[in-house]
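Trainee: The structure under discussion is supplied below as structure tokens; questions concerning it will follow.
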Amino acid sequence: MKRIAFIIHRLSGNGAENVTIRLANELSKNGYKITVFVRESTEKVLNNLSDDIDVIDLNNDSKNKIIKNMISIFKIRKVFKSNFDIVFAVTFSMGLLAAFTNKLMKNKNKLVVIMHNTISQERITLFNLKKKLFTHTLNDIKKIVFVSKGAEEDFVNVFNVNRSKLVTIYNPVINNEVIEKSLEICNHPWLQKSRKYKTIVTIGRLTEQKNHELLINAFSKLKYKNTKLIILGEGKLRKNLENQINDLGLNETVDLHGFVNNPYSYLSAADLFVLSSNYEGLPTVLIEALSCGCEIVSTNCPTGPEEILENGKYGKLVPVNDEQSLIKAIDDSLRDSHKLNRNKLIKRGNEFNVENSVEKYTLLINEIME
């Protein structure tokens, strides 16, 4: 039995973490022995992992970043010494730590780094130093997986790297669980079938990257006034956004609802899904919205929306951080009587299914182990 390890910062229910859980679960079903190493303790979504998967908490809760990284390197050495056939490090930062650790060891491990964001857009502390370190460790990485073609091209523009090490594999997003949950009745009062107004939903961590501030400002200026907005997600900007909502007098029409276990029922019931991000890698929520048959307005941010929506075929694309364009696109979508065919949206979303992704990961695993 092939032994596969995943090393990830945390498992708290965000996009990259959810698709890692799906990938681990599917590989486990296919006969691989999977172990997930989590850098920071978490409890929220561990029950979504298969019972056959071992979860090991690296228990690194130091507040000092230098000490935290030193502890992580020491503990990742133990991961590598366990002789896994392949180790997947999820995200650039974890990939850097794992690659640096791998370089320090005499027995080189088969390390694969999965990049979930657009590297040129990420706000990475001491990026120039980390870029040099990552470049120095490239020989100790077997493959780098990108979740979109745009993210791969962006990486090539930033790093001088042998393209033979690079591969794009779309995330495993849609499975039977997503489809089944999308059919459940949503109990949010603003998403009942009897409502006499339109409801917009957005999903994402409350961080600068997701730019909820832009969406809230745009929402406050819509010409289509009979509308409500639900924001699903948690993050460090909650208080700022609460203040913004209060200052704009939107407490009755904007719900900063937080984390929910079944966002798909919200997407199925919504009139519109809006993504206002400054950058992404491959925004899982756009795929999920499509698979739920929900109309979409998205910023054409680097990277992913253009690929997922096929240059606007399956949803409206607007420039990043352009409030007026976002307002117009939302207004037009809410007023438009010529809706995109719901079944076509669902079909497009389902192209990003778990089976297609896992098949490509299996081919990659076999290639590396030859």
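The values are calculated or read from the model by the stated rules, or taken from the named source; none is laboratory data. Just so it is clear, the model here is predicted, and its values are computed rather than measured. Please note: Cβ atoms are built from the backbone with ideal geometry, for glycine as well, and neighbour counts cover all protein chains shown.
Trainee: For the stretch 260-268, state whether one or more residues are free of Cβ contacts under 8 Å to residues at least 60 places away in the same chain, among the β-branched types (Val, Ile, Thr) and part of a loop (DSSP other than H, G, I, E, B).
Mentor: yes
Trainee: Here is a follow-up. Here's a check for you: in the stretch 71-108, which residue that is of a type in the set (Val, Ile, Thr) and out of contact with any helix residue (DSSP H, G or I) (no Cβ under 7 Å at 6 or more places or on another chain) is farthest from residue 7 (Cα to Cα)? Quick ask: steps written out before the conclusion?
Mentor: Taking the stretch 71-108 and keeping what is of a type in the set (Val, Ile, Thr), we get 71, 73, 76, 79, 86-87, 90-91, 101.
Now narrow it down to the ones that are out of contact with any helix residue (DSSP H, G or I) (no Cβ under 7 Å at 6 or more places or on another chain): 71, 79.
Values: 71: 14, 79: 9 Å.
Ranking the qualifying residues of the stretch 71-108, first place goes to 71.
Trainee: Follow-up question, since we're still on this one. Does the stretch 89-107 include one or more residues that are hydroxyl-bearing (Ser, Thr, Tyr) and surrounded by fewer than 18 Cβ atoms within 10 Å (Cβ to Cβ)?
Mentor: No, that holds for no residue.
Trainee: Go through 346, 308, 368 for me and flag whichever is hydrophobic (A, V, I, L, M, F, W, C), buried (at least 19 other Cβ atoms within 10 Å of the Cβ) and either closer than 30 Å to residue 143 by Cα or not assigned by TED's automatic domain parsing to the domain that holds residue 147 (or both).
Mentor: Within the list 346, 308, 368, the selection yields 308.
Trainee: Do the conditions hold for residue 103, that is, is it assigned to a helix (DSSP H, G or I) and within 26 Å of residue 149 (Cβ to Cβ)?
Mentor: Here the answer is no, as residue 103 does not meet what is asked.
Trainee: Could you pull out every one of the helices (runs of 4 or more DSSP H) wholly within the stretch 115-188 that has 1 or more residues that are within 17 Å of the chain's Cα centre (by Cα) and touching a residue at least 40 places away in the same chain (Cβ under 8 Å)?
Mentor: 149-158, 176-182
Trainee: Right, next: Are there any pairs with C-beta distances below 6 angstrom linking a residue in the stretch 300-318 that is at negative phi to a residue that is basic (Lys, Arg) and surrounded by fewer than 22 Cβ atoms within 10 Å (Cβ to Cβ), with the two at least 6 apart or on different chains, and if so which?
Mentor: Hits for this filter: 314/348.
Trainee: Additional query: If you go through the stretch 352-361 one residue at a time, do you hit one that is farther than 16 Å from residue 147 by Cα and of a type outside the set (Lys, Arg)?
Mentor: So far as the stretch 352-361 goes, no, none of its residues is farther than 16 Å from residue 147 by Cα and of a type outside the set (Lys, Arg).
Trainee: Quick one: which residue in 72, 62 is over 28 Å from residue 283 (Cβ atoms) and at pLDDT below 90?
Mentor: Within the list 72, 62, the selection yields 62.
Trainee: Could you list, in sequence order, the residues of the stretch 274-305 that are under 14 Å from residue 118 (Cβ atoms) and either β-branched (Val, Ile, Thr) or surrounded by fewer than 22 Cβ atoms within 10 Å (Cβ to Cβ) (or both)?
Mentor: Listed by number, the residues that qualify are 278, 299, 300, 303.
Trainee: Quick check on residue 149: is it under 23 Å from residue 39 (Cβ atoms), among the charged types (D, E, K, R) and not assigned by TED's automatic domain parsing to the domain that holds residue 277?
Mentor: No.
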